[in-house]
Number of protein chains: 2
Amino acid sequence: MPEKLKPWTLLDQSLLQQTRIFRLNAERWRSPRTGQEHVFTNVAAPSWVNVVALDTQDRMILVRQFRFGTRAFTLEVPGGMCDPNEAPVDSAIRELREETGYVGTRVTDLGYCEPNPAIFDNRAYMYLIEGCEKVGDLLLDAGEDIEVVPTPVDEVMQMVVTGEIAHALVAVALQRFDLHRRGLLRLSASTLPNAAKLGTKP
Amino acid sequence: MPEKLKPWTLLDQSLLQQTRIFRLNAERWRSPRTGQEHVFTNVAAPSWVNVVALDTQDRMILVRQFRFGTRAFTLEVPGGMCDPNEAPVDSAIRELREETGYVGTRVTDLGYCEPNPAIFDNRAYMYLIEGCEKVGDLLLDAGEDIEVVPTPVDEVMQMVVTGEIAHALVAVALQRFDLHRRGLLRLSASTLPNAAKLGTKP
């Protein structure tokens, strides 16, 4: 909690734009310091998930895809948006299955980050899923095109060091995985029931 | 570079919304896999900078402020947007001075991350500025209200572990600082000329 700062006052909100994946709002706030009004734009978005997925040979299951913000191919951990009313851990299991064809046997909650609290209202939840094996083909939306790239864990962590993996949310997921691996997060894994059937669409 | 994926084709772009700090675009792309057209929204934004600033007593200079995305107070490293035609290192020095009143004597380039390549086109550059001392008052915009919080470095790194610092871009800056501190980035510092005068508005 702030020691010296007073809260801002929200005066009103209006919708600027509704897209398929988020709402852009304009909000008018009163400054506690100056008493003046200021308009800030923010983005209301669903929760996101990112999945650090390890197979039984200490490889991380990465995905390569074209990203429309930077107009470039990236190498990332699998992830995506939570569906309405879907628990983040279920989104993680589902996205892993859909984007890679893999399912795992154990899941560990690595916590969450805020993608950009200055603009976005949402969280990105992060999970470690271990014991992954390929059980089927990818289940891609028409707007997706993905290459699955199993990569030795040490090589992935080196890509963070070199900056080859530059996606901030992926870097944070790998940071939390690394903290967990070094025993600093004190987390325990849950066994996934009936793992082979998880992550398939009903 | 992708081994199996073909590039997407950009068909056209239209402006959905121009805000004070970014442009929201709708772009129509053709999928190389299905041949179908898809519309993706993206955000064109200026470069951002984040500054890991250390004073002469191994404290990190943090800022507490209200964030309008999550509607909550955060504890962050100082940072902001690059002005047009401003080199990121100059933005880092300027933002540190404006948001905290501190200037430093040595700067180290910690690299950059991509805040969200699925949506944003921009980069967030990260710098370590050492030898910081307070030289004056904050130079705040009317829309800012900031509390400066010098915090022992070990305490800051613990806040990443506990998740108390959840801002993804701040976590990445601290990740790169930590890699540097452990000797894994092999970077060297540049001395800042005339440090006491740096970061003041002309």
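Quick check, is B:THR74 of a type in the set (Ser, Thr, Tyr), buried (at least 17 other Cβ atoms within 10 Å of the Cβ), under 15 Å from the mean Cα position of the chain (by Cα) and under 30 Å from B:ASP141 (Cα atoms)?
Here the answer is yes, as B:THR74 does meet what is asked.
Among the candidates A:GLU86, A:GLU99, single out the residue that is buried (at least 23 other Cβ atoms within 10 Å of the Cβ) and assigned by TED's automatic domain parsing to the domain that holds A:GLU147.
Answer to the selection: A:GLU99.
Consider the range A:117-130. How many of its residues are part of a loop (DSSP other than H, G, I, E, B) and not charged (D, E, K, R)?
Residues meeting the conditions: 4.
Scan the range A:136-148 and report the pairs whose first residue is in the same structural domain as A:VAL63 (by TED's automatic domain parsing) and whose second residue is part of a strand (DSSP E or B) and polar (S, T, N, Q), with Cβ atoms within less than 6 Å and a gap of 6+ or a chain change.
Sorted first by the residue in the range A:136-148, then by its partner, the pairs are A:ILE146/A:GLN65.
Here are the criteria: (1) buried (at least 21 other Cβ atoms within 10 Å of the Cβ); (2) away from chain A (no Cβ under 14 Å); (3) among the aliphatic types (A, V, I, L, M). Tell me which single one B:VAL135 does not satisfy.
The number of the failed condition is (1).
Evaluate the range A:119-127: report whether one residue or more is among the charged types (D, E, K, R) and in contact (Cβ under 8 Å) with a residue 24 or more places away in the chain.
yes
Each row is one residue, and each column tells you yes or no for (1) modelled with pLDDT under 95; (2) assigned to a strand (DSSP E or B); (3) touching a strand residue (DSSP E or B) at 6+ places or on another chain (Cβ under 9 Å).
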| site | (1), (2), (3) |
| --- | --- |
| A:CYS132 | no, yes, yes |
| A:ALA171 | no, no, yes |
| A:LEU174 | no, no, yes |
| A:HIS180 | no, no, yes |
| A:GLY199 | yes, no, yes |
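All but one of (1) among the charged types (D, E, K, R); (2) crowded, with 22+ Cβ neighbours inside 10 Å; (3) under 27 Å from A:LEU185 (Cβ atoms) hold for B:ARG181; which doesn't?
All conditions pass for B:ARG181, except number (2).
Would you check if there is a residue in the range B:55-66 being over 18 Å from the mean Cα position of the chain (by Cα), among the basic types (Lys, Arg), surrounded by 14 or more Cβ atoms within 10 Å (Cβ to Cβ) and at the interface with chain A (Cβ under 8 Å from one of its Cβ atoms)?
no
Looking only at residues that are farther than 28 Å from B:LEU15 by Cα and at the interface with chain B (Cβ under 8 Å from one of its Cβ atoms) in the range A:11-35, which one is farthest from the chain's Cα centre (by Cα)?
A:THR34
The values are calculated or read from the model by the stated rules, or taken from the named source; none is laboratory data. Just so we're clear, the structure is a prediction, and the values are computed from it rather than from any experiment. Positions of Cβ are backbone-derived with ideal geometry, glycine not excepted, and every protein chain shown enters the neighbour counts.
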